[in-house]
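No lab work stands behind these numbers, since they all come straight from the coordinates. Source: prediction; values computed, not measured. Every residue, glycine as well, gets a Cβ built from its backbone with ideal geometry; the counts of neighbours run over all protein chains shown.
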Amino acid sequence: MSKESAVARITSTAAGDTPRSPADFLSPRRKLVNKYYIAEMLGIEPVTVVKMAQGKRIPHYKFGHRSLRFDEREVLAWLEKKQVPANPFTLVKVRR
């Protein structure tokens, strides 16, 4: 499916709907996800995600006493900052 046809399909209106422009779908929106989604994304346990949030080691939002939510984009940006580049000059010892 081409991008134009996808935009046309999304922007087409049903009876009684207000027309939507493609800009409505391209604007930045927050996608708040729960600890299970982040745990799956990072390959760790949900309890580890909660502990990281409690220690303020991962960006998160707290609603009320126990409800944690994470912005997927913020977590991905945080993960990018945590990346350690490989050293191309490191020699690897091979055991024989």
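When you have a sec, figure out the Kirkwood radius of region 26-82 from all distinct Cα pair distances and drop it here in Å to one decimal?
11.6 Å
Multiply the residue gap between MET41 and ALA77 by 0.36 nm, knock off their C-alpha separation, and tell me the result in nm, one decimal place. All intermediate terms of the calculation are to be shown ahead of the outcome.
Details: separation 36, 0.36 × 36 = 12.96 nm, distance 1.32 nm.
Full-extension gain reported as 11.6 nm.
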Check your understanding: Between PHE89 and THR48, what is the spin-label point distance in nm, taking each point 7 Å from the Cα along the Cα→C-beta axis?
Key -> 3.3 nm
